[in-house]
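Accompanying notes for the structure given below.
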Amino acid sequence: MVELKVIVGSTRPGRFSELLLPWVSAVIEKNAGFNLEIIDLREYQLPFFDAKVSPAYIENADYGHPEVNRFAKKISEADAVVMITPEYNHGYSGILKNAIDSVYREWNNKPLALVSYGSVGGARAVEQLRLVAIELQMAPIRNGVHIMAPWLLTETDGSLKDGVLDGYTASLEAQLKQLHWWAQALKTARSVN
Ligand SMILES: Cc1cc2nc3c(=O)[nH]c(=O)nc-3n(C[C@H](O)[C@H](O)[C@H](O)COP(=O)(O)O)c2cc1C
């Protein structure tokens, strides 16, 4: 089984990211071969990054802060990571960047898939994240899930309109298939190195 961590990349009240979770979880659970855990950044009180030493130099998983260490432990368990990301000012969220920068080795040699949304499906945020992933020594996979104009997908009470994600299910399934392949390949590679 592949240990899959899905990181929720926005934390503001009324966030769209949260509305995707039931759908993402259902599609993942339908695809055998993943043990899913949601990592909601709201549930981690990560400090605004201020470490003396770059996390890249930390070898014992002790980042000097209990919440960072708790987050690091969760990422260390992952064989594959999905980041659900909004697009803020043509980039991804500051809260996600802060989480990314807070740890290092735990990301290494693991595949990364991106689920995004925005006026152009969050594509600009995704391209930036792919560049960052290289420095994390992750393998950002090709297939994306780009959800267009999320503000059109909700009812006035903030809930998701019925069926609006159905058209994206095939993209998510294809992404998960590719992610699973990379997760198994890199898991094997990590076990011999
Ligand atoms: C600070 C901020 C900047 C934004 N910039 C963009 C942008 O550059 N491109 C875009 O497509 N949407 C942009 N939006 C709209 C977001 O796509 C939309 O609000 C989305 O729901 C944000 O994700 P969230 O609800 O998970 O926080 C921006 C929203 C915020 C709050």
request  = Identify the residue in the range 1-34 that is assigned to a strand (DSSP E or B) and closer than 20 Å to GLU87 by Cα and, among all such residues, is nearest to the ligand (Cβ to nearest atom).
outcome  = VAL8
remark   = Requiring at least 1 residues that are within 16 Å of the ligand (Cβ to nearest atom), the helices (runs of 4 or more DSSP H) wholly within the range 86-193 are 94-102, 123-135
inquiry  = Quick check on ARG124: is it among the basic types (Lys, Arg) and surrounded by fewer than 17 Cβ atoms within 10 Å (Cβ to Cβ)?
reply    = no
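For the range 32-42, does any single residue satisfy the condition of being basic (Lys, Arg) and free of Cβ contacts under 8 Å to residues at least 12 places away in the same chain?
Taking the range 32-42 and keeping what is basic (Lys, Arg), we get 42.
Those still in the list that are free of Cβ contacts under 8 Å to residues at least 12 places away in the same chain too: none.
No, the conditions are met nowhere in the range 32-42.
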ask   = Does the range 64-85 include one or more residues that are more than 18 Å from the chain's Cα centre (by Cα), in a loop (DSSP other than H, G, I, E, B) and more than 16 Å from the ligand (Cβ to nearest atom)?
value = yes
Check on GLU77, touching an Asp or Glu at 6+ places or on another chain (Cβ under 8 Å), loosely packed, with under 15 Cβ neighbours inside 10 Å, closer than 21 Å to ALA183 by Cβ and not hydroxyl-bearing (Ser, Thr, Tyr) = yes
remark   = Of the residues in the range 178-193, those that are surrounded by 14 or more Cβ atoms within 10 Å (Cβ to Cβ) and under 15 Å from SER76 (Cα atoms) number 3
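Readers should treat all values here as calculations from the given coordinates under stated rules, not as data from a laboratory. The model shown is predicted, which means the values in this text are computed figures rather than measured ones. Note that each Cβ is placed from the backbone with ideal geometry, even for glycine, and that neighbours are counted across all protein chains shown.
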